[in-house]
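Structure, as structure tokens:
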Amino acid sequence: MKNAEKKAAEAKFDTELARQDVTNNRKGLRTGSTASHAKKADYTVRDYLMAKGVGTTDDVRCRPGSKHDWDLFIKKVRIVGETKVGTGALRYATEASELNYDPDEIYPDVDYIAYCVDSKALKAHPERQETLFRVFTRAQFLQVLTDCGRKGLESSLRIHQSTSGTWQLEIVAWCTKQCATRLGKYEDWVEANEIPTLEEFRMMLRG
């Protein structure tokens, strides 16, 4: 894909996301992690991690929930990952009764999760994506949610109905006054366990 084609596809994607934000604002909907900057991260993280970036204009977009956000082959080894921002959803369902807090049902076939805890910072400074995101193994991500929750994993997640009417298992908010202690635990955990930034993770992958 030529650079001009990629830039045009990105501009079209930005316009589409901005239109969605305007629609949500007019309806008075709280967009949360589904706001445009979080949706765009689905694409930008994938593009950043791929050796030559995305290869077609069709991939300058959010991927559907049925597909993983990024799927890489490094030295013939497949690496599968998901990208999450703030209160991002981990599972989706048509009925609340279909969801639970069983960790075995949260991305069982994913190797890594790129996570930006501060949605507002990403929105204000998308150019800082490489340092705002941390990349956890699946086991590490479940563990940080467990260790930072007041009562374990269930305290870090909630079952919630989205504005579209579907139900989702999502991460509870971190960056509020009420959650300052929990956010501090998260930051200490990340530092203690040396969780790499997105930039560091890419360097690790590429050698």
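Bear in mind that the values in this text are calculations on the coordinates, not laboratory data. Because the structure is a prediction, the values reported are computed rather than measured. Don't worry about glycine lacking a Cβ; one is built from the backbone with ideal geometry, like all the others, and counts go over all protein chains shown.
Quick notes
- Of all stretches in the chain that contain no trypsin sites (Lys or Arg not before Pro) in a DSSP loop with at most 13 other Cβ atoms within 10 Å, the longest one is 77-149.
- 10 Å Cβ shell holding at most 12 others, DSSP loop, GluC sites (Glu not before Pro): longest site-free stretch of the chain: 96-193
- Residue (of Ala41, Leu17, Ser119) at the positive-pole extreme of segment 3-206, dipole from beta-carbon charges: Leu17
- Taking the Kirkwood radius as Rh and the Cα radius of gyration as Rg, the chain has a ratio of Rg/Rh equal to 0.95.
- Cross-link check: pairs Lys7/Lys120; Lys39/Lys84; Lys2/Lys84 evaluated at a Cα-Cα cut-off of 19 Å; pairs beyond the cut-off: Lys7/Lys120; Lys2/Lys84.
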